[in-house]
Structure formats: structure tokens, C-alpha cells
């Protein structure tokens, strides 16, 4: 492979050997093209070059492939991962080759209005750059990294702010989970909803993020945690991670009556991103309670409320993007909870597979009957 090309607006490619990467050719494609001729840009000022050692397969990857979430093609997919630093660009003084890092797809710049307002999860500085600066080259063509990352590649280059240093004894697959799913789910409970001990809660959707929400509710001391999913095979896992009751959507009203006397739950957390499930979460919440929307839905998913019911019920509707998390603070918090045995991360890994089998992993996510919690792509 020739590395003579220069990515427009960015540094040139180095002379390193090509790497493997799973590339989305066009939005709407159901399969990724696993290539062996990818190259990464050389790290520029304040950049970090990382060898990826583990990557989680998140439903957001599927949503980006089908156009539900914004993404650019051709692009290397994947946004949840961890690895070790290979090189750093000028201006990076606090990371060095060999350091172990978790990748975050929402790197806070620290200086924009959102960061200064205490909402670093809404920082768009690096996100905007991710849509204008290709970070890979495949077959002499500039290629973007999904969400500014591209963790379905053996190596990547990202801004220093997107690499969160972790202790050397934290396994890569554990560190990978912290980059998206766990931080989103636990963060929605602790940061967005600020769930109070002894409260009642219902979680709609028991995939990887939903399981993280359940773990967050257990950490917060919720007295009743009802897990709702149409796939009954997921119910046992929900209970294993902290749910006190499980049901299919058809049984939610009955449990609402049994556990709350029909008043509704203090918190309803929706982790699907569909209009019907968002409406169900609203209807399951008590007057004055909180409806937390974690699911990443598309623009076609529209939810209807009357002005009267919003006024009368005073249910707080709280969208939660990335668990309202500050990865610089919260990834370390998650590690400490994991070390203390209060956050089960090993148990969330249902399957490990090599990059060459990435399409099997994505197909399992699309399968409406899949009971997998999290799949991890491993790199030799």
C-alpha cells in the first residue's frame, strides 16, 4: 500500500505497515468490508496514536450504518474501545507510548461554552472536527472514523482529549466497555436522573446499555427495579445484574398496579429509542416523576403529548446523551466501582470474536431475538 497520499487538511500518513479495519462503504450497507490495507494519519499536534486491543460492538454502530445516527462513508466503524498508546503528537505531555487508554467518542475540549457550563458531554468541538477530518486511508482513499474514532481497526489516531488514561492492570476488554455502554447507562442513573435511594424504577430495554442502567439503579439504591423487554431470554440476565422484577411490555401495567398501586414509578428509563417505548415510559411514571430517555432514535420517531397532560402530570422528561458524563471523571469512577465489586463488567461480556467476524457480531445485534449483553472484538 502506498502511504504517499496526504489527507486533506490533516497530517500525512506514516510509513508504518498497513492495518486491518472494518469499513462501511455506503450508508445503508448491512455489512462492513474487513480490509487489510488501511493506514492511519500520523499524529498531529495534540493527537494520540493508539493500538486498539479490544472494542465493544454497540447498537449505535448498527444505527450509524443504517442512517439512524449521523455518520460518514466510507468510514471505519466502531466507537467503543481501549488500547495502548503507540505515539503522541507535539503538545501531548501527559501520555506516553505504552500507556493504557479508554477511547471516548465525546472528548471534552475543556474550553468551550458547554464544557465551562459543566456539561462536557455536550462538547461539539472534536465532534465537528470528526466530520471534516478523515483519520484513515483505505485503498488510497481518505476514510473517516465513526464518531471520530473507528475502533474496528487495529490502530487509530484521535485527539488527546479522546484518550482517557487508565491503570495498567485494568483489562482492555473491561476498559473498552467504559467508553460508551457502561458510562451511558450508569451515567443516566447517577448523573442525569440522580436517582434517590429507596425509589422505584422501570427500565425499558435490556441490551448492553439497559443492563448498565440496571446496574446503575442498584448502585443508587433503588428499592424496586423492573426490567421490561419483549425477549424473555434477556430477563434472567436483567435479574442477575440487579432487576427485582422482569416482564414483557404486555405485563408492565399489571406490575405498575402491583408495585405502585397504579400511581406509577418514580423513574422510567427508556433505552430503545422508539416513539412507542418513550410513550410507554412516560405512562409508567408517577406524577412528578422522571422520564429518562437514553435510547438513540432516528428523526422519524416522533412522540405526541397533549399540553394538558404535560401541565397536569409534571413528569420531568430528561434526555440523557452519553449519560451526562464527564469521561475524565466518570471513567475512573467506574473503575473504582468495578474494583470494589459493585459494578459487574466481566459478566456483561457475552461473546468475544475477532475482527474478521465483525459482521456476525453486527448481525446478532440486528436479530430481534438476541440475548447477548455485550460482544467484544479482540485484537491479537
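Give the order of 149, 115 when sorted by the count of other beta carbons within 10 angstrom, beginning with the fewest. Numbers along the way, then the final one.
Numbers: 149 29, 115 18.
Result, fewest neighbours first: 115, 149.
To the nearest ten degrees, helix 275-284 and the longest principal axis of the Cα atoms of the chain are 40 degrees apart. Relative contact order, whole percent, for region 198-295 stands at 28, derived from Cα pairs under 8 Å and 6 or more residues apart.
Taking the Cα of residue 329, stepping 7 Å toward and past its beta carbon, and measuring to each backbone N in region 169-194: which are under 16 Å? Within reach of a label on residue 329: 183-184, 186-194. In terms of surrounding Cβ atoms within a 10 Å radius of their Cβ, 214, 27 rank from fewest to most as 27, 214.
Remark: relative contact order (region 237-371) = 16 percent; criterion is Cα-Cα distance under 8 angstrom and separation of 6 or more residues.
Full extension of the chain segment joining residue 27 with residue 360 gains 118.0 nm, where the gain is 0.36 nm per residue of separation less the Cα-Cα distance. Reducing region 314-358 and region 224-288 to their Cα centroids gives an inter-centroid distance of 21 Å. Taking label positions 7 Å along the Cα-Cβ direction at both residue 378 and residue 239, the computed distance is 3.0 nm, reported to one decimal.
The residue 300 and residue 36 beta-carbon pair, evaluated with R₀ = 30 Å, returns a calculated FRET efficiency of approximately 0.20. Given R₀ = 41 Å, what would the calculated FRET efficiency be for residue 231 paired with residue 311, taking r from the Cβ atoms and rounding to 0.05? After rounding, the FRET efficiency stands at 0.70.
The separation of region 45-82 from region 204-218, counted between C-alpha centres, amounts to 22 Å.
Against the chain, whose longest principal axis comes from its Cα atoms, helix 327-339 is set at around 70 degrees.
Principal-axis analysis of the Cα atoms of the chain puts helix 208-220 at an angle of about 60° to the longest axis.
What FRET efficiency would be calculated for the residue pair residue 46, residue 140, taking the C-beta separation as r and a Förster radius of 30 Å, to the nearest 0.05? Before the final figure, lay out the partial values.
Working: r = 27 Å, r/R0 = 0.90.
After rounding to 0.05, the efficiency reads 0.65.
Every read-out reported here was derived from the displayed coordinates using simple, explicitly stated rules and does not represent laboratory data. Computed from a predicted model, the values in this text were never measured in an experiment. Methodologically, a virtual Cβ is constructed for each residue, glycine included, from the backbone with ideal geometry; neighbour enumeration extends over all protein chains shown.
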